[in-house]
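Since the structure comes first, as structure tokens, the remarks are kept for the end.
The values are calculated or read from the model by the stated rules, or taken from the named source; none is laboratory data. Quick caveat, the model's predicted, so the values are computed rather than measured. Glycine gets a Cβ as well: all are built from the backbone with ideal geometry, and neighbour counts include every protein chain shown. Only protein heavy atoms, including side chains, enter the accessible area calculation; ligands, DNA and RNA are left aside. Shrake-Rupley method; radii C 1.70, N 1.55, O 1.52, S 1.80 Å.
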Amino acid sequence: MVVDKESQDPLYFRYMAGNIVDVSTLKNTVEELNLMGVSVDDSLIDAGFCSEANLTLLYEEKISFLIRLPAGRKLFCELVAKTAVSLQLPGNVVFFGERVLYVEKVSVLLFEKYDAFAYVCCDISRRVMETVKLLRVAKEEKLSDDEVSLRMVRLGVFVLLSSKDVLVSEVLGLYYLCGVVEEVFKVGKCCVDLLSLRVHGVEAFRGLLFLNFLVIVVYRGLQAVLPVGVSVESCLLEMRNWSCKVFDDNEILPSEPNKKQKKILEAITDTVGKF
């Protein structure tokens, strides 16, 4: 999914089968966007795309990235070990909404040639819950103190990799923008009651995604022109009651809009008139 950085309007999407090699997916997507004249500056990448080939491609294309480092990677283990003592210092506390985390920035050299920054993060609430769970398991399975200590270091910890030097106070906000992208296809179902898919097949799946994409475009367009205090949902509910008469010669006579409908129509008309 490609979204305009300033307006956050959707520009492009594509779907890929789960058995497609991730290296070719990212490369082809970047090439296609270049051919379409879309300039990509920043990217939020899923952890499944964290590979030397993919990240090297982004460096070569001068596309900055932010990605979660998979917990099974050697670099992850090294960073967790390196920050085991210093991470939970008071100076590393970051408030993110209702969450409280420790975040420590570490400079790294990726693939022995690219400068990058790792953000070792520890979600304090999650760490507490996972610690309780671990101690219960340790009691039941009679784990040794060394085994418990080894596992406890990683509880609630995740690592973000960035090609740009991002402020520690801002990196979580940037990373969780990916949640916005993941939620964007739910607009059709949650906001305008688009029916769920009830059939199987690639054609039906493609059609549903495209319909969702169009719904998002229309939804965002309405959102931008409606009066202050009027949501898209309330607009649709109000305007569905605006009727008209259709005559045999295809002449249409709209009924008189009520006060709320008139306010919405004037806002839309004024905006359209500017173009």
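Average accessible surface for the chain: 66 Å² per residue, computed with a 1.4 Å probe over protein heavy atoms with every protein chain in place.
Once the Cα-Cα distance is subtracted from the 0.36 nm per residue extended length, the Arg151 to Lys27 segment shows a gain of 41.0 nm. When the chain is modelled as a GNM with alpha-carbon springs shorter than 10 Å, which of Arg206, Arg127, Arg136 fluctuates the most? Of Arg206, Arg127, Arg136, the Gaussian network model singles out Arg136 as fluctuating most.
Over the chain, dividing the summed -39,500 (n - 2.57) contributions of all DSSP H runs of at least 4 residues by the number of residues returns a 222 nm mean residue ellipticity of -14000 deg cm²/dmol. Listed cross-link partners Lys62/Lys82; Lys105/Lys164; Lys5/Lys105; Lys62/Lys113; Lys27/Lys62 are compared with a 18 Å cut-off, the Cα-Cα value being larger for Lys62/Lys82; Lys5/Lys105.
Multiplying the residue separation of Asn241 and Lys82 by 0.36 nm and removing their Cα-Cα distance gives an extension gain of 50.9 nm. What's the carbon and sulfur percent of the chain's accessible surface, probe 1.4 angstrom, rounded to a whole number? Carbon and sulfur together cover 57 percent of it. For the chain, the membrane-span-like helices by this rule, meaning whole DSSP H stretches whose C-alpha atoms cover at least 27 Å of axis and whose Kyte-Doolittle mean is 0.5 or above, are 202-225; this says nothing about an actual membrane.
The value of relative contact order for the chain, using C-alpha pairs under 8 Å at least six residues apart, is 13 percent. In loop segments of the range 1-110 as defined by DSSP, the chymotrypsin sites (Phe, Trp or Tyr not before Pro) with at most 12 further C-beta atoms inside 10 Å of their C-beta are Tyr15.
In the chain, once you exclude exposed GluC sites (Glu not before Pro) (DSSP loop, at most 10 other Cβ within 10 angstrom), what's the longest stretch remaining? The longest such stretch corresponds to 113-250.
With the simple spin-label model, which puts each label point 7 Å out from Cα in the Cβ direction, the Leu75 to Asp249 separation comes to 7.2 nm. Which residue fluctuates most in the GNM of the chain (Cα springs below 10 Å): Ile63, Ile252, Ile45? It is Ile252. Modelled label positions at Glu141 and Ala53, each set 7 Å beyond Cα in the direction of Cβ, lie 3.5 nm from each other. Remark: the Lys62-Asn258 segment gains 65.2 nm on full extension, using 0.36 nm per residue and subtracting the alpha carbon distance.
Comparing Leu110, Leu11, Leu135 in a Gaussian network model of the chain (Cα springs below 10 Å), the most mobile by mean-square fluctuation is Leu135.
Only one residue of Val120, Ala81, Gly48 has its Cα farthest out toward the positive end of the dipole of the range 34-129, where Lys and Arg carry +1 and Asp and Glu -1 on Cβ, and that residue is Ala81.
Remark: the range 40-154 carries a charge dipole of roughly 460 debye about the Cα centre, counting +1 on each Lys and Arg Cβ and -1 on each Asp and Glu Cβ.
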